Amino acid sequence: QLQLVESGGGLVQAGGSLRLSCAASGNTRRITVMDWYRQTPGKQRELVAIITSSGSTNYADSVKGRFTISRDNAKKMVYLEMNSLKPEDTGVYYCHTIDTVMMNSWGQGTQVTVSS
């Protein structure tokens, strides 16, 4: 069993920055991919950023150049540094992992609100 707990969300003005954190606990040894999704009103949950166990990253086009994903395997953490935030970045951000047996795990989500 794997538990994921996000933190760091909040209210910020457009152009501001936030750093999201996700702490993994439980059966973490099999984690491979760690990523961040977001859910915005009226839209499907979308993949924002992904980082593999080797450190390779990929980003949604809408956040490239503004967001940075990183992970600390020793601390079992994944982070999302978000800069130059826009109102359209508003949503609930979810931490997600995939392990070696393709089990998906989700956090409870953290709200990010960007005011214009």
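List of remarks:
- Of all residues in segment 68-81 being more than 10 Å from the chain's Cα centre (by Cα) and either basic (K, R) or open to solvent by less than 60 Å² (accessible area, probe 1.4 Å) (or both), the one that is nearest to R30 (Cα to Cα): K76
- Hits in segment 36-59 - residues which are within 23 Å of K76 (Cβ to Cβ), small (G, A, S) and either open to solvent by 70 Å² or more (accessible area, probe 1.4 Å) or assigned to a strand (DSSP E or B) (or both): A49, S53, S54
- When segment 1-19 is filtered for residues that are touching a Ser or Thr at 6+ places or on another chain (Cβ under 9 Å), open to solvent by 40 Å² or more (accessible area, probe 1.4 Å) and under 12 Å from Y93 (Cβ atoms), only S7 remains.
- So R19, is it at pLDDT 95 or above and either farther than 15 Å from K86 by Cα or not polar (S, T, N, Q) (or both): yes
- The listed residue being of a type in the set (A, V, I, L, M) and either over 13 Å from Y37 (Cβ atoms) or assigned to a loop (DSSP other than H, G, I, E, B) (or both), out of V63, V92: V63
- Scoring M34 on the criteria (1) touching a His at 6+ places or on another chain (Cβ under 8 Å); (2) among the aliphatic types (A, V, I, L, M); (3) modelled with pLDDT under 95 leaves a single failure, condition (3).
The values are calculated or read from the model by the stated rules, or taken from the named source; none is laboratory data. It should be emphasised that the depicted structure is a prediction, and the values quoted were computed from it without experimental measurement. When we count neighbours, we look across all protein chains shown, and the Cβ atoms used for this are built from the backbone with ideal geometry, even at glycine. The accessibility values were calculated without ligands, DNA or RNA, using every heavy atom of the protein model including side chains. Shrake-Rupley method; radii C 1.70, N 1.55, O 1.52, S 1.80 Å.
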